[in-house]
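**Q** Could you have a look at this structure, given as structure tokens, before my questions?
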Amino acid sequence: MKIKGVLSLSSYSILFRRFCHGSPSSSSPGPGPLEQYKRLVRQGKLQHDMHQERVATELDDLLERLRKYEIDMEDYHAEMSRWEESRENERRHLLLEEAKSKQKGGLWIKGKDRNENGFLGNWMSRRRGPVEPGVGKMVSYLNREKKLDGLVGLRPHLPVAPKGIYLYGNVGCGKTMLMDMFYNATGSIVQHRRRFHFHEAMLEIHEQMHGIWKKERESKDETSNGNVVGSFRWIASLPFDAKVKEWLIGEEKYKQEVQRKHILSAVADKFLIDRVSHTCGASLLCFDEIQTVDVFAVVALSGILSRLLSTGTVLVATSNRAPEELNQDGMQREIFLDFLAKLEYNCKTVHVSSDTDYRRLIPIDKVDQVHYFWPLNSANRAKFELAWQEVCSESGANIISTVLPVMFGRSLEVAESCNGSAKFDFEYLCGRPVGAADYIAIARNYHTVFISQVPVMSMKIRDKARRFITLIDELYNHHCRVFCLSSSSIDELFQGTEEGTLFDMESFQFETDIEGGKLRRDVTAVGTMGTRPTTTGLEFIMSGQEELFAFRRAISRLMEMQTPLYLQGVKIMHPLFCQKNSQLAAHTSDLSHSPPSI
């Protein structure tokens, strides 16, 4: 990925990540990954790499298969929608017929002689012996489902999905670039698609699970006093006795409980996109930097990705590791092996064999490194502060303090911000128990971020080091401009000590006390996903290779973020500018379709 010149604006949209997922797709298909790659090589923008070209060819073939698959899935979803509607109508019809039978049969005895529950079935159960709680509802539910299979027919047959691609290789070999070339090319082909980075995906999984359990608690509260509200409101107007209505609510609640037992499947169904459009097609998930370094990641990703693959989603993923090496420590081995088999069946594994970190080959003149100031001396402090004042002056706004909303109802105070730019101290961002949710909020809301007093990372501040790595990951993923005032050069930022190498906990950023450690533990407990490991246990299961990947990636990305090439892309790829560009495009479109004024 050797860059020899400055890319034009149109080339930027091809080469780098785009976060404007909500922007309208072009009606005409764009160039595929292979054509994009070859064009950039011809223009001298990229150095040819046979491994990268081979991967681009694989992705190009997948793109062609997706064109037909999208049409097949549109037909499938239309048939599926009719089937689900018919099945739900028949299910309610059967339920109401049972309720009418109970009402007419007088199973609820009125008067002084009614038993404690008022239900004649209690007398019947005494004759038959004790019945395990919930068995009656389970039997009636299963019988009803069996009847529905006969009345409505079985679920429509899912079209065979084309095999996705799992890319793995060393830091800086071009995995993400190639995946994003593919993602950009799918805009006019696949309706429902998402691009996730590992941190963002894990946080969304947490948020979805929390929402499901919160809704469950609210539902229990609503019906605790026999009130017919919420999702059971339709029962209130039915011409039945109160006890019959209670029975109906019980049957409906049992159906919901059955569905909630498979919470990862429920999260997976909402993970890509809530299908609100009238026509639905294929789903595509591009997943950057898959990692499974703790129990929750193994279980959650295994369950959710397995569900998505089983329901027709096409996966294109990147990782530093081959699939079989993702879980070297053997956590939840049986679950992981099931996921591995599913991944192998649904995805082709492709090794990006290049050992070159192409980011290090990007030519950088020292004069261009105006955004990374080192060492920490008075001259560089003055340059750093001058740069902040110039950025604020260019924006034409005043420097203010504000509070930034963060996931899970939390917030983060920003002492100095100015129209899309913000300034922080290293200790404030990385010396406290914060994590990826905070960094994602910063990256989404500020296109320019200043970070002062960045120290050399050592074993003594390993938690700060892993937070800083997570921070750089998110600023890079959202294409932010970053100014740093640091103690050392980028190459010397991460140092081992006599105490040992740095311990990388970048993937545990969502376990901090402030961000939601309690939520994490609750999720683990309720979901029966295993015990949350102690810090000692976490240190034991981590390997030096994982640390090496993380530090190399951070250094590689910091270097790229100093280049003119990257910096020119900020105004194109950052979410704030994407949103403005989308609004401008929509406004221009409206004007072009408006009748001329007279």
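The values are calculated or read from the model by the stated rules, or taken from the named source; none is laboratory data. Keep in mind the model is a prediction, meaning the values are calculated, not measured. Note: ideal-geometry Cβ built from the backbone for every residue, glycine included; neighbour counts use all protein chains shown. Remember, those area values only see protein heavy atoms, side chains included, never the ligands or the DNA or RNA. Shrake-Rupley method; radii C 1.70, N 1.55, O 1.52, S 1.80 Å.
**Q** Taking the residues in the range 368-394 that are aliphatic (A, V, I, L, M) and surrounded by 11 or more Cβ atoms within 10 Å (Cβ to Cβ) as candidates, determine which candidate is modelled with the lowest pLDDT.
**A** V370
**Q** Answer yes or no as to whether G111 is on the phi > 0 side of the Ramachandran plot and modelled with pLDDT under 90.
**A** Against the criterion (on the phi > 0 side of the Ramachandran plot and modelled with pLDDT under 90), G111 qualifies.
**Q** Can you confirm whether the range 460-473 contains a residue that is buried (at least 24 other Cβ atoms within 10 Å of the Cβ), at pLDDT below 95 and of a type in the set (D, E)?
**A** Scanning the range 460-473, I find at least one residue that is buried (at least 24 other Cβ atoms within 10 Å of the Cβ), at pLDDT below 95 and of a type in the set (D, E), so the answer is yes.
**Q** Looking only at residues that are under 15 Å from I165 (Cβ atoms) and not in a loop (DSSP other than H, G, I, E, B) in the range 183-198, which one is most open to solvent (accessible area, probe 1.4 Å)?
**A** R193
**Q** In addition: Counting only residues that are free of Cβ contacts under 8 Å to residues at least 40 places away in the same chain, farther than 20 Å from M73 by Cβ and assigned to a helix (DSSP H, G or I), which one in the range 302-333 is least open to solvent (accessible area, probe 1.4 Å)?
**A** Once the filter is applied, the top-ranked residue is S302.
**Q** Could you look through the range 15-35, keep only residues that are modelled with pLDDT of 85 or more and touching a Phe, Trp or Tyr at 6+ places or on another chain (Cβ under 9 Å), and pick out the one that is nearest to L475 (Cα to Cα)?
**A** Applying the filter and picking the extreme gives P33.
This table checks each residue for (1) over 20 Å from Q579 (Cβ atoms); (2) among the polar types (S, T, N, Q); (3) modelled with pLDDT of 95 or more.
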position	(1), (2), (3)
G396	no, no, no
P405	no, no, no
E416	yes, no, yes
F424	yes, no, yes
L429	yes, no, yes
R432	yes, no, no
G435	yes, no, no
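**Q** Restricting to the range 53-101, what's the tally of residues that are farther than 27 Å from T311 by Cβ and within 26 Å of the chain's Cα centre (by Cα)?
**A** Qualifying residue count, the range 53-101: 1.
**Q** In addition: Tell me the residue from L412, L429 that is of a type outside the set (V, I, T) and part of a strand (DSSP E or B), please.
**A** L412
**Q** Looking at the range 162-182 only, could you name the residues that are open to solvent by 10 Å² or more (accessible area, probe 1.4 Å), touching a strand residue (DSSP E or B) at 6+ places or on another chain (Cβ under 8 Å) and not in a loop (DSSP other than H, G, I, E, B)?
**A** Y168, K175, T176
**Q** From E216, E204, which residue is closer than 30 Å to M331 by Cβ, assigned to a helix (DSSP H, G or I), at pLDDT below 75 and not small (G, A, S)?
**A** E216
**Q** For I235, indicate whether it is at pLDDT 80 or above and within 27 Å of L95 (Cβ to Cβ).
**A** yes
**Q** Scanning the range 550-581 for residues that are open to solvent by 20 Å² or more (accessible area, probe 1.4 Å) and within 21 Å of the chain's Cα centre (by Cα), which turns out farthest from H199 (Cα to Cα)?
**A** The extreme case among them is Q579.
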